[in-house]
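Structure, as structure tokens:
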């Protein structure tokens, strides 16, 4: 249905009114019809009582006493509002009929045992009939009495009523549609204002927000939701710009170092030992670039949804033992003791490869920022079902804690130190943890060390 929104509102509103009105019109017609017929039936019953008062019987024979009113001139012809009378016996023989019936005869049910009312016509006139069984003193049916009165007036009224309802129905719906369309236009006018404002928002003015309606209705909720969406988009764009800036900086630094080293080497011949030293430094910078690109690729795979998780049961002690030798070498370089307190029976759900990658980032981070001659403890908490990685380094300031999982984020203390790193490890760990529904949290204070906790799902 290619209708404008206001016309769709008007259409469905009119459709609802059409159904309701049709039902109301039907009820009105039924009530008026029943009322009209009930009035005629009551008149027939009064006439029946009068006729029965002039009837007698002897056995199965019906005796008709003198009924002077039926000999009057008003019953001698078919007139505008006549009353018709017909009496038949059990042999289906008409033993009496009013003179105004002329040669007409009513159809009747010879087996009728109770009062019955129905409609028919005579000489082109609509009539209402009542058929009544005639019973003797033994309660045996010995004949049938049929009384009819004109229902032409009621028929005309009902016919005019149904014509009025049928002709007024479409006009009423047309008026309803127009009125609903006008009302819908007024109702959605604020929506047009929202559309106009929203269409003017681009990346250059993403900070613009839609005006909040005064009334706290659905439009207020819609506008608030759109503004919240714009805030998230703005934050995402700022993060993207920051990411591009940080990535450029992290890549440019080793490239500048490599270029500077090569420029120094080509200025004049040097001893082989100097060449070896400078080439070793270049290889170190290339390794740094390779590591950075590898981490960027990991982030891209995770954020694009390409990283597929295997659902398996992982033995934590096995994963830790796989990387323990490498972690121990890094810890020995800083004279840090590495203490593993995880039982061989501890299992968690997840993908073994990615859980190993999370642990590798967290433990390398603990060793990197731990103090010399310090301790790094890897322990399992059976109460909270979490794996804790703790160090006794300088810790992280409270104001920096909400940002440590951001890409390329490194605290001022770490940036000004000799600690090497790209600031991507914790971001990768956080995203992989979220994929596993692992709650990765951090608790730290300056001068008291840092603890990362991985709370696994039950």
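Here the simple spin-label model places points 7 Å from the Cα toward Cβ, and for residue 156 and residue 37 these points are separated by 2.2 nm.
Quick one: if the Förster radius is 25 Å, what FRET efficiency do residue 353 and residue 383 give, using the C-beta to C-beta distance and rounding to 0.05?
0.35
Here the sum of -39500 (n - 2.57) over DSSP H runs of 4 or more residues, divided by the residues of the chain, equals -18000 deg cm²/dmol at 222 nm, to the nearest 500. With a simple spin-label model that places each label point 7 Å from the Cα along the Cα-to-Cβ direction, the separation between residue 104 and residue 191 comes to 6.1 nm.
In segment 308-455, the C-alpha radius of gyration followed by the widest Cα-Cα span (Dmax) gives 14.6, 42 angstrom. A value for percent of Cα pairs over 39 Å apart was derived from the coordinates, and within the list (1) 39; (2) 50; (3) 61 it appears as (3).
How tilted is helix 218-267 with respect to the longest principal axis of the chain? Cα atoms for both, answer in degrees (0 to 90, nearest 10). With both axes taken from Cα atoms, the answer is about 20 degrees. State, to one decimal in nm, how far the label point of residue 222 lies from the label point of residue 113, with both points 7 Å from Cα in the Cβ direction. Taking the simple label geometry, residue 222 and residue 113 are separated by 6.8 nm.
State the extension gain, in nm to one decimal, for the chain segment bounded by residue 16 and residue 172, taking 0.36 nm per residue of separation less the distance between their alpha-carbons.
54.9 nm
Sorting 317-326, 147-156 by average packing, meaning the other beta carbons within 10 Å per residue, from highest down gives 147-156, 317-326. When each of the peptides 444-454, 424-434, 99-109 is scored by how many other beta carbons lie within 10 Å of its residues on average, the order from highest to lowest is 424-434, 444-454, 99-109. Against the main long axis of the alpha-carbon atoms of the chain, helix 272-304 sits at an angle near 10°. Taking the centroid of alpha carbons for each part, segment 183-232 and segment 346-366 are 44 Å apart. Is the C-alpha gyration tensor of segment 5-160 telling us rounded, prolate or oblate? Criteria: a/c under 1.5 is rounded; beyond that, a/b larger than b/c is prolate, otherwise oblate. Judged from the Cα gyration tensor, segment 5-160 comes out prolate (a/c at least 1.5, a/b above b/c).
Can you tell me the length gained on complete extension of the stretch residue 443 to residue 208, counting 0.36 nm per residue apart and subtracting the Cα distance?
80.9 nm
Length available on full extension from residue 315 to residue 120: 0.36 nm per residue minus the Cα-Cα distance, which gives 60.9 nm.
Axis of helix 352-369 versus longest Cα principal axis of the chain: the two differ by about 50°, to the nearest ten degrees.
A short reminder: the numbers here are calculations on the coordinates, not readings from a lab. Computed from a prediction, not measured in an experiment: that's the story for all the values here. Every residue, glycine among them, receives a Cβ derived from its backbone with ideal geometry; neighbour counts consider all protein chains shown.
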